Structure formats: structure tokens, C-alpha cells
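Reviewing the structure listed below.
The values are calculated or read from the model by the stated rules, or taken from the named source; none is laboratory data. This is a predicted model, so every value here is computed, not measured. Ideal geometry is used to build each Cβ from the backbone, glycine not excepted, and the neighbour counts take in all protein chains shown. Surface accessibility is based on the protein's heavy atoms, side chains included, excluding ligands, DNA and RNA. Shrake-Rupley method; radii C 1.70, N 1.55, O 1.52, S 1.80 Å.
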Amino acid sequence: MKVGFIGLGNMGNPMATNLARAGHELTVHDLRREAATNLLEMGANWADSPRDAVPGNDVVFTSLPVPRDVDAVVLGENGILEGATPNTVYMDLSTNSPTSIRRVHEICAEKGVSVLDAPVSGGVYGAAAGTLAVMVGGDKAIFDRMKPTLDAIGSHVVYCGPIGNGMVCKICNNLLSMGIGVLMTEALTLGVKAGVDLATLADVIANSSGGNRRLVEKFPRFLFKGNFDPGFATALAAKDVRLATDLGREYGIPMELSNLVDQRHVEAMFRGWGPEDSDAVSKIQEEKAGVQLRLPNV
Ligand code: NAD
């Protein structure tokens, strides 16, 4: 397929790389041209704007930080919609607001342009390995047509229902991931303060009913190593928790605990940790408890 790809950051670059490796012909764009260096070396074409990444392509992907970036890149001046025709399929791989992508879908539909939401989970390691979970919302027939292309970036590509439903699944997942991160840090600082060494505590929990992927996959790569290079930036994690609490307000769902998780992320942002990996949020609890959760050799 001929593919346009906009947003070549921590996630977009490895996803685009896997699409190129799978034999797709890429045209790429990012605000930072240097983000495309490896892809241009692999034979990708450069586009000077989102609009220029569209003509002649079967599908155009975005992987962008926050909802307003997606709105600007799709609907703004020199945006995707300006370059699109009724044959264009646009897919948003970002973690975006369901309400925003449903609005983008409506506006694009007026021009006959098809939109799918396809947020991903699995982090930068999953993106590099091509093993992401991909949660897709939109027209089922277009999903079926695009599924082989999505298989190049993910090993668990799931149709979630109408437009926006992929984002709903992703936001619920990330709320849990971030919430578990906060609770795990409380439990681990408690256990260490009460006398158990961290390696033993982490091993026991990982093999018991409190075990979870945050503990066995994420913490060993980031928090336990004291490695706060993103990864998944705290600013993006804070955005995702807020997308969840906003959705709760929109649908009238009480979310007391989620709002505490939200405020913990707000505090991390105030500390200036937005650009650091999302495990940086744990530093607040480490500080309060007077315990550092470090296992440099895991
Ligand atoms: P990132 O900040 O590393 O990359 C975003 C890229 O978009 C950057 O290269 C930036 O220059 C580019 N960009 C921003 N605005 C642009 C614009 N107007 N035009 C063109 N390019 C623009 O972010 P990321 O970690 O790759 O995350 C991307 C999306 O994927 C986010 O929505 C995030 O929540 C989601 N996500 C991230 C992870 C992760 O582990 N990092 C995992 C799953 C989902």
C-alpha cells in the first residue's frame, strides 16, 4: 500500500519503520525533519506538510501528542483534509479524545473521507517489535480492508465498534495502567519501609494476585533502574488520565479514585516532570515515604 505517516516520535517512528519493512511505500511528515532521518534512509519520501503527505496514498496515519495536534493536522491549514479525496482513508494512532475523533470523522465524512481511530498499546518496545495492541473504531468494511496493514505494527489488532470506540478502549486501559502505577508505588514503598527488600517484594507480588504488567514490564525498565528517559512521557500519561476523567464527566460516571490519580499526575506536571517518562510520577510517593524503589540489576 501507499502510506502517508505524520508524527514520527517515540511511537510513530518505530511504527512507520515496521510499515516500511513490511513493504509499504511511505511518505512521511513531522514538525522536526530530523525525526524522519532513518525512514528517509530506508527510501521514504518527505512531505513538507500534512496536506502533502496525502495525495496518491491509500491511507494516512497520524501519531501525535494531544487532541489539539490531531485537530490541527487534520482540519487546519495545509492539513490532511485539504489534500484528501473521497478515496482517502485516515487513521489516528494517537491516544485521542473519543469525542474529538468523532467530530473529526463527521467533518471528514462531509468530504467523503473515511476515518478510523486506531490507538495503540505496548509502549516503545512493543512499537519496535511490532507487537502492539491496536484498538480500532469506525466502519467495519474499511477496518477489514486495512487490517493486513495494521498487522505490520501490531500483533493484537481488534475491531472495537463504531468511530471513537478504539479511543474509549485505550483510555480505559491507560487509566488502569496509570492508576495501578500509583497504587503499586504505594504498596511497594510500604513493603520496603516495613522491612522486605524490593527484589523479594516485587517477585512475590509478580507471582501472586497483585501481579500486573506495570510491575513486571514497565517498572523494571524505568522506575527500578532510575531511568526516566521517555518511553512514555509524563505529559502524555497526564493527558490520558484527564481524557478518562473528562469522559467520566461527559457520561455522568462517578470516578472518585481516578480523580486522585489525575491529581497525582497534575502534581508531577507542576514539578516539571512532563518530559520525563511516566514512571516519574512514582517519585512523589518515594519522596513522601522516604523510600527509593531501585533495582538497577533487574
Ligand atoms: P512524541 O512526543 O514522542 O511524538 C510526537 C511526534 O509528533 C513528535 O515527533 C512531534 O514532533 C510530532 N508532532 C507534534 N505536532 C505535530 C504537528 N502539528 N505536525 C507534525 N508533527 C507533529 O509522542 P509519542 O510518545 O510518540 O506518542 C504519540 C501518541 O501515541 C500520543 O497520543 C501518545 O499518548 C500515544 N502513545 C504513546 C505511547 C508511548 O509509550 N510513548 C504508547 C501508546 C500510545
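Okay, here's what the table says:
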{"quantity": "Alpha-carbon Debye profile of the stretch 2-162, log10 I(q)/I(0) at 0.15, 0.17 Å⁻¹", "calculated": "-0.70, -0.92"}
{"quantity": "Sparsely packed GluC sites (Glu not before Pro) within the stretch 76-107, loop by DSSP, other Cβ within 10 Å at most 11", "calculated": "Glu77"}
{"quantity": "Relative intensity, log₁₀ I(q)/I(0), of the chain from a Debye sum that treats every alpha carbon as a point, q = 0.08, 0.11, 0.12 Å⁻¹", "calculated": "-0.36, -0.67, -0.78"}
{"quantity": "Value of relative contact order over the stretch 2-162, rounded to a whole percent, pairs C-alpha under 8 Å and six or more apart", "calculated": "19"}
{"quantity": "1.4 Å probe accessible area per residue over the chain, in Å²", "calculated": "45"}
{"quantity": "The stretch 256-283 and the stretch 133-151: distance between their alpha carbon centers, rounded to Å", "calculated": "33"}
{"quantity": "Carbon plus sulfur fraction of accessible area for the chain, probe 1.4 Å, in percent", "calculated": "55"}
{"quantity": "Stretch in the chain that is longest and holds no trypsin sites (Lys or Arg not before Pro) that DSSP places in a loop and that have at most 13 other beta carbons within 10 Å", "calculated": "112-293"}
{"quantity": "Percent of Cα pairs exceeding the 17 Å cut-off, where the set is the stretch 120-215", "calculated": "61"}
{"quantity": "Inverse of mean 1/r across different Cα pairs in the stretch 170-239, Kirkwood, Å", "calculated": "12.8"}
{"quantity": "Part-to-part distance (alpha-carbon centres) for the stretch 1-52 and the stretch 83-116, which is given in Å", "calculated": "19"}
{"quantity": "Fraction of alpha-carbon pairs over 21 Å apart in the stretch 51-115 - percent", "calculated": "10"}
{"quantity": "Two-decimal Rg to Rh for the stretch 168-289 - Kirkwood Rh, Cα set", "calculated": "0.97"}
{"quantity": "Cα-projected label distance for Glu186 with Glu82, points at 7 Å along beta-carbon direction, nm", "calculated": "4.9"}
